[in-house]
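Q: Starting off with a structure, shown below.
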């Protein structure tokens with residue numbers, strides 16, 4: 001079999017969850033099936049950088065154009081987007097649809113995203129969803145019948161042992177500074193609940209609604225204890241995971257929530273929102289909070305800052321939970337979808 005994948009989003013230093021997914025899945029599929037040929041396809045604006053990426057011997061780079069069909073047994077759109085031409089067998093991955101269901105983007109981006117998502121749903125023989133939550137949203141918002149949906153969870157990219165971690169009194173959040181991440185309530189909860197010797201570290205670049213979040217941070221009475229790292233690379237993120245004593249992720253909407261599993265894999269006790277996909281991903285290995293209630297987030301922070309034994313217990317449960325999610329498993333389940341079509 002020859003499988004072609006739109007690997008455009010795997011290019012760049014500032015990879016989001018979608019970028020991590022595209023990179024890891026493309027590589028693990030090729031590594032797991034050396035007998036098959038894989039075409040890693042890149043749209044024009046990423047092609048020159050895409051051809052320079054390292055890849056297994058059975059994978060090669062191709063230019064992806066809407067006017068130039070690629071011949072392959074299966075075409076896989078890795079980010080809810082498909083080319084204008086119709087593939088012989090087509091799969092697309094849907095990560096989330098919060099752009100369509102909530103006010104988390106500009107009107108222009110929402111219109112473009114909606115057109116791409118509907119086009120991808122129409123052109124796909126099967127649709128991979130990264131969580132049951134995302135599958136339910138795709139079914140409801142895009143009117144996709146359940147028989148075309150398959151759930152394939154993400155894996156965890158960090159596998160380093162947490163035993164070398166040097167824990168500090170740090171509450172860590174990894175993700176863009178944006179409205180959807182609910183960071184204003186997190187800052188307010190940190191102010192109210194965390195002792196003076198604790199810091200809040202927000203690791204991520206600015207996104208939609210960052211101005212409002214930044215204004216609240218600057219006005220915070222705990223401003224001196226709030227660290228804004230800006231964009232950080234994988235090595236820096238790993239370092240913060242190893243230093244943090246608490247990971248707080250009170251997001252309002254997530255299609256999956258990769259940072260939660262990364263924190264768990266590296267032994268950081270997690271506080272997470274009880275909304276969207278996060279209860280499904282956390283699986284009882286985190287303190288769940290009402291993301292719309294600052295008091296709920298503050299109570300969880302207070303509990304974990306004061307109870308070292310609970311932090312240890314949650315860290316252990318989180319490590320066990322994270323072990324259930326691997327990119328090898330994601331690639332195997334994705335291969336099953338390809339075989340189903342072939």
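The values are calculated or read from the model by the stated rules, or taken from the named source; none is laboratory data. All of these numbers come straight from a predicted model, not from anything done at the bench. Note that we place each Cβ from the backbone using ideal geometry, even for glycine, and neighbour counts take in every protein chain shown.
Q: Scan the range 57-64 and tell me whether some residue there is out of contact with any helix residue (DSSP H, G or I) (no Cβ under 6 Å at 6 or more places or on another chain), assigned by TED's automatic domain parsing to the domain that holds residue 134, part of a loop (DSSP other than H, G, I, E, B) and over 24 Å from residue 138 (Cβ atoms). Show your work before the answer.
A: Residues of the range 57-64 out of contact with any helix residue (DSSP H, G or I) (no Cβ under 6 Å at 6 or more places or on another chain): 57, 60, 62, 64.
Checking the rest, the ones that are also assigned by TED's automatic domain parsing to the domain that holds residue 134 come to 57, 60, 62, 64.
Filter again for part of a loop (DSSP other than H, G, I, E, B), leaving 57, 64.
Add one more test, that the residue is over 24 Å from residue 138 (Cβ atoms), and what stays is 57.
Yes, that holds for at least one residue.
Q: Looking at the structure I just gave you, is residue 145 touching a helix residue (DSSP H, G or I) at 6+ places or on another chain (Cβ under 6 Å) and modelled with pLDDT of 95 or more?
A: Details: touching a helix residue (DSSP H, G or I) at 6+ places or on another chain (Cβ under 6 Å): no; modelled with pLDDT of 95 or more: yes.
Against the criterion (touching a helix residue (DSSP H, G or I) at 6+ places or on another chain (Cβ under 6 Å) and modelled with pLDDT of 95 or more), residue 145 does not qualify.
Per-residue answers, yes or no, for (1) in contact with a strand residue (DSSP E or B) (Cβ under 8 Å, 6 or more places away or on another chain); (2) in a strand (DSSP E or B):
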site: 18; (1), (2): no, no
site: 30; (1), (2): yes, no
site: 40; (1), (2): yes, yes
site: 53; (1), (2): yes, no
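Q: Kindly provide the set of residues from the range 1-16 that are part of a strand (DSSP E or B) and surrounded by fewer than 18 Cβ atoms within 10 Å (Cβ to Cβ), ordered by number. Spell out the reasoning first.
A: Residues of the range 1-16 part of a strand (DSSP E or B): 2-6.
The answer is 2, and nothing else.
Q: Now a separate question. Looking at residue 284, is it touching a residue at least 40 places away in the same chain (Cβ under 8 Å) and not in a helix (DSSP H, G or I)?
A: Working: touching a residue at least 40 places away in the same chain (Cβ under 8 Å): no; not in a helix (DSSP H, G or I): yes.
No; evaluated as a whole, the condition is false for this residue.
Q: Criterion first (over 19 Å from residue 341 (Cα atoms) and either at pLDDT 90 or above or outside the structural domain of residue 277 (by TED's automatic domain parsing) (or both)) does residue 6 satisfy it? I'd like the intermediate steps shown before the answer.
A: Numbers: over 19 Å from residue 341 (Cα atoms): no; either at pLDDT 90 or above or outside the structural domain of residue 277 (by TED's automatic domain parsing) (or both): yes.
Spelling it out, it is not the case that residue 6 is over 19 Å from residue 341 (Cα atoms) and either at pLDDT 90 or above or outside the structural domain of residue 277 (by TED's automatic domain parsing) (or both).
Q: Tell me, yes or no, whether the range 325-341 has at least one residue that is at pLDDT below 95 and assigned to a helix (DSSP H, G or I).
A: yes
Q: Kindly provide the set of residues from the range 102-120 that are more than 21 Å from residue 177 (Cβ to Cβ) and in contact (Cβ under 8 Å) with a residue 40 or more places away in the chain, ordered by number.
A: Of everything in the range 102-120, just one residue is more than 21 Å from residue 177 (Cβ to Cβ) and in contact (Cβ under 8 Å) with a residue 40 or more places away in the chain, namely 120.
Q: Could you grab me the full set of residues in the range 135-152 that are assigned to a loop (DSSP other than H, G, I, E, B) and either in contact with a strand residue (DSSP E or B) (Cβ under 7 Å, 6 or more places away or on another chain) or outside the structural domain of residue 18 (by TED's automatic domain parsing) (or both)?
A: So in the range 135-152, the residues assigned to a loop (DSSP other than H, G, I, E, B) come out as 143-145, 152.
Within the range 135-152, 144, 152 qualify.
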